[in-house]
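The values are calculated or read from the model by the stated rules, or taken from the named source; none is laboratory data. The model shown is predicted, which means the values in this text are computed figures rather than measured ones. As a convention, Cβ positions derive from the backbone with ideal geometry for all residues, glycine included, and neighbour counts pool all protein chains shown. Ligands, DNA and RNA are excluded from the accessible area calculation, which covers all protein heavy atoms including side chains. Shrake-Rupley method; radii C 1.70, N 1.55, O 1.52, S 1.80 Å.
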Amino acid sequence: MLKSIHAALAMSVITLTAFGASSAFAAPLKVVASFTVIADFAKNVGGDRIDVTTIVGPDGDAHVYEPSPADAVAMAKADIVLVNGLHFEGFLQRLVDASATKASIITLTKGVTTIDFKPEFADADAAEGAGTGGGKTVTDPHAFQSIANARIYVKNIAEAFCAADSEGCVSYQTNAAAYTKKLDAVEGEVKAAIASIPESKRVVITSHDAFGYFEHAYGLTFLAPQGISTDSEPSAADVAKLVTQVKQDKAAAIFVENITNPRLIEQIASETGIKVGGTLYSDALSQPDGPAATYIDMMHNNIRQIKGAILGS
Ligand SMILES: [Zn+2]
């Protein structure tokens, strides 16, 4: 009798312990990231307190992405949705509406000093009747290509996680501070790499204008046949204009991007006689086993490709 009471007590202790344990480990925060760069920042800040679902995956193009039903389900279940904003994610409003999500939508470019983009080669429709090189000025959404801005994204993520999960706040802030230090180190490497390139050779070509913030922050000029979005094809005249400009400026290198078809770049390469220098990661990270599986790897890869193609090292 006594034995069975002991057994029953022991059982209830075990049960209580089990319950106690499960309440101490709160369910992970369900986070949806619009694309891979943001997912990487979120994982660095959130660690194992969060569960991240990424909408536009590795090598994906957020400008023209078409959401799937699974994306709507993930959005509907999310506690927090992290987005770039500035119309980077063309699909965003449709997906928010379709999913009827109650999650907070956090725009990570909040606090970023944006730069304007004036189409030089692309956006033929807007340029129509506006004379040569015309076109309307729009805000460049690719703010994450400057590491100073990446620090702002990380800060905004930590604040959003703290607001949603106050128990984890110290951990989020500690992680964000540690990751920010890593970003500082990479920024130093990028600046040193650019400094090693003679100023006259700091002109490169990519397929679309994804590197405006990189250009602004680090002083390398990017020319691209497509504008800041990939949603329209450049006209033959735009491409011809770029080829002429390239010949005049003596662009030092030309790159394909991981998110876009290389055909156009290959055409420009053959018309200008500049060899394709490699692949730059612009709007998405690589697959996990690729050369740009994280934001920091992406920065390392891009600067290595640029330096290698220009200096031949
Ligand atoms: Zn882009």
Exercise. Which of the residues belonging to the range 214-228 are surrounded by fewer than 24 Cβ atoms within 10 Å (Cβ to Cβ) and out of contact with any Asp or Glu (no Cβ under 7 Å at 6 or more places or on another chain)?
Worked result: GLU215, HIS216, ALA217, TYR218, GLY219, LEU220, LEU223
For this session: Can you confirm whether the range 230-238 contains a residue that is open to solvent by 10 Å² or more (accessible area, probe 1.4 Å), within 16 Å of the ligand (Cβ to nearest atom) and in contact with a strand residue (DSSP E or B) (Cβ under 6 Å, 6 or more places away or on another chain)?
Result: yes
Exercise. Quick check, is ALA192 within 30 Å of VAL112 (Cα to Cα) and away from the ligand (no atom under 16 Å from the Cβ)?
Worked result: yes
Exercise. Scanning the range 25-63 for residues that are at pLDDT below 95 and open to solvent by 70 Å² or more (accessible area, probe 1.4 Å), which turns out farthest from the ligand (Cβ to nearest atom)?
Worked result: PHE25
Problem set entry | Cβ-Cβ under 6 Å pairs, at least 6 apart or on other chains, the range 161-184 side in contact (Cβ under 8 Å) with a residue 60 or more places away in the chain, far side assigned to a helix (DSSP H, G or I) and of a type in the set (Ser, Thr, Tyr) | PHE161/TYR172
Seminar exercise, completed: Scanning the range 205-216 for residues that are in contact with a helix residue (DSSP H, G or I) (Cβ under 6 Å, 6 or more places away or on another chain) and either more than 10 Å from the ligand (Cβ to nearest atom) or more than 14 Å from PRO141 (Cβ to Cβ) (or both) gives SER207, TYR213, PHE214
Problem set entry | Residue among VAL96, VAL190, VAL138 that alone is β-branched (Val, Ile, Thr), open to solvent by less than 10 Å² (accessible area, probe 1.4 Å) and either farther than 24 Å from ASP48 by Cβ or modelled with pLDDT under 95 (or both) | VAL190
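To keep it simple, each residue is scored yes or no on (1) β-branched (Val, Ile, Thr); (2) open to solvent by 50 Å² or more (accessible area, probe 1.4 Å).
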site: ALA251; (1), (2): no, no
site: ILE259; (1), (2): yes, no
site: ILE265; (1), (2): yes, no
site: GLU271; (1), (2): no, yes
site: LEU285; (1), (2): no, no
site: PRO291; (1), (2): no, yes
site: THR294; (1), (2): yes, no
site: HIS300; (1), (2): no, yes
site: ALA309; (1), (2): no, no
Exercise. Considering only the range 66-111, how many residues are in a loop (DSSP other than H, G, I, E, B) and either within 25 Å of PRO28 (Cβ to Cβ) or β-branched (Val, Ile, Thr) (or both)?
Worked result: 14
For this session: Identify all residues within the range 31-68 that are out of contact with any helix residue (DSSP H, G or I) (no Cβ under 9 Å at 6 or more places or on another chain), more than 18 Å from THR260 (Cα to Cα) and not small (Gly, Ala, Ser); write none if there are none.
Result: LYS43, ASP48, ASP51
For this session: Kindly check whether there is at least one residue in the range 251-259 that is more than 24 Å from HIS87 (Cβ to Cβ), out of contact with any strand residue (DSSP E or B) (no Cβ under 9 Å at 6 or more places or on another chain) and either of a type in the set (Phe, Trp, Tyr) or away from the ligand (no atom under 16 Å from the Cβ) (or both).
Result: no
Exercise. Just to be sure, is ILE254 over 18 Å from GLU215 (Cα atoms) and at pLDDT 90 or above?
Worked result: no
